[in-house]
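So the structure is just underneath, and the comments pick up after that.
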Amino acid sequence: MKKWLLIFVPILCFSQASLDEVEKLLKKRQFEKAETQIEDFLNKHPNHLKAIELLGDAYGYQKKWDLAVTEYKKLLDAKPNVANYHYKYGGVLGMKALQNKLKALGLIGDIKNAFTKAAELDKNHIDTRWALVELYMQLPGIFGGSKSKSLKYANELANLSKVDGHLAKGYIYEYDDEPELAEKHYKMAIEIGGSLTCFSKLTNFYENKKQPEKAILTIEQAQKKHKRNALHYQIGKVAAEYNTQLEKGEACLQVYLKNHSPKDGVPKAWAHYRLAQIHTHKNNKVQALKYIDLAIAELPKIRPFKKQKEEILNL
């Protein structure tokens, strides 16, 4: 018996090490490499549920919806009472429906069933309740869309996380064109949680409502709390897009460029593009050309950069 255990334990360790490597590849967005490694692993361990799940994830990241559906269905067949399997299955079906509107009608029932089952199986599954909030708001009434059902799941979210509850209600009221209630709930989420996500939701709300001054003020509040260089870019972006507070926008973009690091997320080229936009608004052709050429040199295939240069040349 001990000999069998000695043989079995190294196999388990090897399997876990292989899957850990795959998860690291997925986090690094090396999806094709991860896919190849999982497929090789599954050739030797075809019924390994974690590996099947990771393969479904790898397909999903690459928008290979049909292949992802197949893998998640294997999980449901093997373990029908795991909430996260239903959630992932419903999620890729939803993405497949968005991609092909002709097939969408036939998928709506399965999507609702998958998310609802996940919510029933796990009373604490936040992502599933978010999915149901969005699903019932976006579906037309004739196909089961319902604001009241969406609010029901928003209230369930609130019981699990007050911040998520307010963010969900903000989303519902924004979608339903009730801006005062949406703004109220987004502000309450900031007051309670104050995460970058909370600030981002309110900022996006103000941008959608064409209120750039309020958007910039919100980003400044986020910067005061979180001190992230990326927020300097966001201020510059809003200033450039809405032709407002141009001096502040330019100053923030220069700070962003000076302190830029890969963790900021947005390449320097986009900051140069925003500076080109700002100088275009100022009718400063020389400076605008300088910055748009820097942007194009770094990322030559970005269409908005080329379009901006055409606009600058026509000044």
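Structural remarks
- Check on residue 254, within 30 Å of residue 182 (Cα to Cα), free of Cβ contacts under 8 Å to residues at least 40 places away in the same chain and out of contact with any Lys or Arg (no Cβ under 7 Å at 6 or more places or on another chain): no
- The residue list 67, 76, 54 contains one member that is in contact (Cβ under 8 Å) with a residue 24 or more places away in the chain, assigned by TED's automatic domain parsing to the domain that holds residue 103 and assigned to a helix (DSSP H, G or I), which is 54.
- Among the candidates 241, 250, residue that is of a type in the set (Asp, Glu), part of a helix (DSSP H, G or I) and over 22 Å from the mean Cα position of the chain (by Cα): 250
- Filter pass, residue 278 being surrounded by 16 or more Cβ atoms within 10 Å (Cβ to Cβ), under 27 Å from the mean Cα position of the chain (by Cα) and without any contact (Cβ under 8 Å) to a residue 60 or more places away in the chain: no
- Selected residue (only one of 98, 132 is free of Cβ contacts under 8 Å to residues at least 12 places away in the same chain, within 18 Å of the chain's Cα centre (by Cα) and within 21 Å of residue 171 (Cβ to Cβ)): 98
- Within the stretch 59-82, the set of residues being within 21 Å of the chain's Cα centre (by Cα) and small (Gly, Ala, Ser) comprises 60, 68.
- Test: residue 124 is out of contact with any Lys or Arg (no Cβ under 8 Å at 6 or more places or on another chain), free of Cβ contacts under 8 Å to residues at least 40 places away in the same chain and farther than 20 Å from residue 166 by Cβ: no
- Those helices (runs of 4 or more DSSP H) of the stretch 90-189 in which 2 or more residues are buried (at least 23 other Cβ atoms within 10 Å of the Cβ), at pLDDT 95 or above and of a type in the set (Gly, Ala, Ser) occupy 101-121, 147-160, 162-175.
- Residue count, the stretch 57-82 (criterion: aliphatic (A, V, I, L, M) and surrounded by fewer than 20 Cβ atoms within 10 Å (Cβ to Cβ)): 4
The values are calculated or read from the model by the stated rules, or taken from the named source; none is laboratory data. Predicted, not measured: the structure shown is a model, and the values here were computed from it. Because the Cβ atoms are built from the backbone with ideal geometry, glycine has one as well, and the counts that use them run over all protein chains shown.
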